[in-house]
Amino acid sequence: MTDKKPAVVLSDVTHVYVSDKGASLAVDRVCLTLAEGEFVSLVGPSGCGKTTLLSIIAGLIEPTAGHVQLFGQPVDGPSSKVGYMLQHDYLFPWRTILDNACIGLELQGKVTAEHKKNVSRMLGEMGLADVVSRYPHQLSGGMRQRAALVRTLATSPDIMLLDEPFSALDYQTKLQLEQLVLDTLRARRKSAILVTHDITEAIAMSDRVIVLDHSPGQVRREMSIYGPIREASPMKARELPGFHSLFNEIWNEFEEMEARRET
Ligand code: ADP
Ligand code: MG
């Protein structure tokens, strides 16, 4: 049996931001292991260091202390193993949807006819076949986010980092996109970390939910999501028995954090 390396390992990762106002501890000794193919959500109060953690994993920020490994290799800068999807789609307004979706490939110098065909096919799978030649402003928010998803997947990253990618969408679009992202990542066996402020979204999409504590950001609680909820679609999961008690447990963690902040 081969011993598979975890997709991501954070060992005592600490980050201090230094500015002219002084130093602030944003992330404090966070340990986290993401298995290959696993889907983990990070939830926690605003400002608790979620985006900082993703940026560290993506190699965009070097942690002040601690170590990060992707598939057993230390991180020393941005890696093609990692795809990053954000709340804002950052599509270029002057490029068509197809050309936007190919941008990651372009940056990696990999735009061959075959790659481009592959991107067109993916856009088709995401229901965007009719709009590949249109410009971002001609599309709805949900369509733009789907185009951004294809752009991220086009370079075939093994690890997807999702920083609140559904939070600007209306509820129906958000549920549809949760399903699409989950199906897509499962079919491709990608590992993923989702940051969200929506507790129901975290439970409905994940194998595991990690609650981060505020100031400084630390792991406060980890919860495994039990089989039936994990296997159900994000929409169905929300109706299963046990969903609400998980929600309440996480909600209580937030209330306790809030109460502590007020005292
Ligand atoms: P979250 O994504 O959980 O809302 P962030 O990771 O964005 O939190 O921020 C964590 C903390 O670090 C916050 O207190 C924030 O103000 C601070 N912070 C984030 N980015 C910077 C930066 N570039 N310079 C200084 N402080 C920052
Ligand atoms: Mg953030």
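The values are calculated or read from the model by the stated rules, or taken from the named source; none is laboratory data. Just so it is clear, the model here is predicted, and its values are computed rather than measured. A quick note on method: Cβ atoms are made from the backbone with ideal geometry, for glycine too, and the neighbour counts reach across all protein chains shown. For the accessible areas, the whole protein counts, side chains as well, though only heavy atoms, and no ligand, DNA or RNA atoms are used. Shrake-Rupley method; radii C 1.70, N 1.55, O 1.52, S 1.80 Å.
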**Report entry** Filtered residues of segment 18-71 (kept if within 27 Å of Ile229 (Cα to Cα), hydroxyl-bearing (Ser, Thr, Tyr) and in contact (Cβ under 8 Å) with a residue 60 or more places away in the chain)
**Finding:** Ser41, Ser46, Thr51
Query raised in the report: Can we say Cys48 is closer than 17 Å to Val209 by Cβ, open to solvent by 20 Å² or more (accessible area, probe 1.4 Å) and either more than 16 Å from ligand 2 (Cβ to nearest atom) or modelled with pLDDT under 95 (or both)?
Result: no
Requested in this report: Determine whether Lys117 is free of Cβ contacts under 8 Å to residues at least 60 places away in the same chain and buried (at least 16 other Cβ atoms within 10 Å of the Cβ).
Outcome: no
Report summary line: Flagged in segment 16-29 as out of contact with any Phe, Trp or Tyr (no Cβ under 7 Å at 6 or more places or on another chain), within 8 Å of ligand 1 (Cβ to nearest atom) and open to solvent by less than 80 Å² (accessible area, probe 1.4 Å), in numbering order, are Ser19, Val27
Query - Entirely in segment 182-244, the strands (runs of 3 or more DSSP E) that have 2 or more residues that are within 16 Å of ligand 2 (Cβ to nearest atom) and surrounded by 21 or more Cβ atoms within 10 Å (Cβ to Cβ) - result: 191-195, 208-213
